[in-house]
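**Q** Sharing a structure, written as structure tokens. Questions coming.
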Amino acid sequence: MKLYCIETGRLSANAYFITDGLSRNAVCIDCGEDVNAVRAAEEKYGFKVTAVLLTHGHFDHAGAAKDLQDGGAKIYISEKDAEKLQSDLNLGKYMGYTMKKLTPDFTFNDGDELIFGDLKIKAVGTAGHTSGSASFIAEDALFTGDTLFCGSWGRTDLGDGNFNDLISSVKKLFSLKGDYKVFPGHGERTTLQRERESNPISEFL
Ligand SMILES: [Zn+2]
């Protein structure tokens, strides 16, 4: 598995791309709000995004999804966050961004395994930042969206966020066996063990 990352949009969201290292097809985890940035990454790294997995439906992670779908990529989001792709719950309106509405191609639930060629990606339901937030596991990589950041965690005071749910979700991630490289929706990467030991959220767990 090969992993690429770009930082994109007005809120500096991380968009990740993974490939199996054999084909040119890439799975994008959170495409960000700017389709041109995704197209530039495709050009630079020589892959083509064929699937987009969204950790949640906020515009800064999902805003480019409609354009990518129109270009042939399949869009995946949790069943619970699917409606955010069609309503102001994507929060774009509050940040001066008009998000193009779309219907996802596929929805998933907690524990579902998604297969793309040689890539196996497991969805983990991590509600809290939004009601349908998800994290993804691919090999030793854990993509946490806006649930868990390096040294902090996602806001729960927006839209349908819920702090108690977020706490349960972080507990769930911390209880995964072993260590993972953690790739959050914003900011720098970290490891699960480092967050278990030093993330100040521990006082609420
Ligand atoms: Zn968000």
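Read the figures in this text as sums done on the coordinates, not as results from a lab. All values derive from a computational prediction rather than experimental measurement. Methodologically, a virtual Cβ is constructed for each residue, glycine included, from the backbone with ideal geometry; neighbour enumeration extends over all protein chains shown.
**Q** Apply the Karplus parameterisation 6.51 cos²θ - 1.76 cosθ + 1.60, with θ equal to phi minus 60°, to every residue of the stretch 7-17 and state each ³J(HN,Hα) to the nearest whole Hz, in sequence, with x for glycine and proline.
**A** Couplings: 9, 9, x, 5, 10, 6, 7, 8, 10, 10, 9 Hz.
**Q** Using +1 at the Cβ of each Lys and Arg and -1 at the Cβ of each Asp and Glu in the chain, identify which of PHE116, GLY32, VAL170 lies farthest towards the dipole's positive end.
**A** Towards the positive end, the residue furthest out is PHE116.
**Q** If the cut-off is a Cα-Cα distance under 19 Å, which aspartates and glutamates reach LYS48, setting aside same-chain residues fewer than 8 apart in sequence?
**A** GLU7, ASP20, ASP30, GLU33, ASP34, ASP67, ASP70, ASP105, ASP118
**Q** Tell me, what is the percent relative contact order of the chain, built from C-alpha pairs under 8 Å that lie six or more residues apart?
**A** Reported as a whole number, the value is 15 percent.
**Q** Could you put LYS44, LYS172 in order, starting from the residue whose Cβ has the fewest other Cβ atoms within 10 Å?
**A** If I rank by nearby Cβ atoms, fewest first, I get LYS44, LYS172.
**Q** Moving on. Output the peptides 64-72, 10-18 sorted from most to least packed, where packing is the average of other Cβ atoms within 10 Å over each peptide's residues.
**A** 10-18, 64-72
**Q** Still on this structure, I have one more. Assign unit charges at the C-beta atoms only (+1 for Lys and Arg, -1 for Asp and Glu), then state the dipole size of the chain relative to its Cα centre in Debye, rounded to the nearest 20.
**A** 220
**Q** Tell me which lysines have Cα within less than 28 Å of LYS177's Cα, excluding those fewer than 8 residues away on the same chain?
**A** By straight Cα distance, LYS177 reaches LYS2, LYS80, LYS120, LYS122.
**Q** Same structure again: Specify the residue with the greatest mean-square fluctuation among ILE167, ILE115, ILE29, computed from a Gaussian network of the chain linking alpha-carbon atoms under 10 Å apart.
**A** ILE115
**Q** Now for a different question. Which whole-Hz ³J(HN,Hα) couplings does the stretch 38-45 yield from phi under the Karplus relation 6.51 cos²θ - 1.76 cosθ + 1.60, θ = phi - 60°, glycine and proline marked x?
**A** 5, 4, 5, 5, 4, 5, 5, 9
**Q** Determine the equivalent ellipsoid of the stretch 62-149 by diagonalising the alpha-carbon gyration tensor, then write out the semi-axes as square roots of 5 times the eigenvalues, largest first, rounded to whole Å.
**A** After scaling each eigenvalue by five and taking roots: 22, 17, 11 Å.
**Q** Provide the packing ranking of 142-150, 20-28, 106-114, i.e. peptides ordered by the mean count of other C-beta atoms within 10 Å per residue, highest first.
**A** 142-150, 20-28, 106-114
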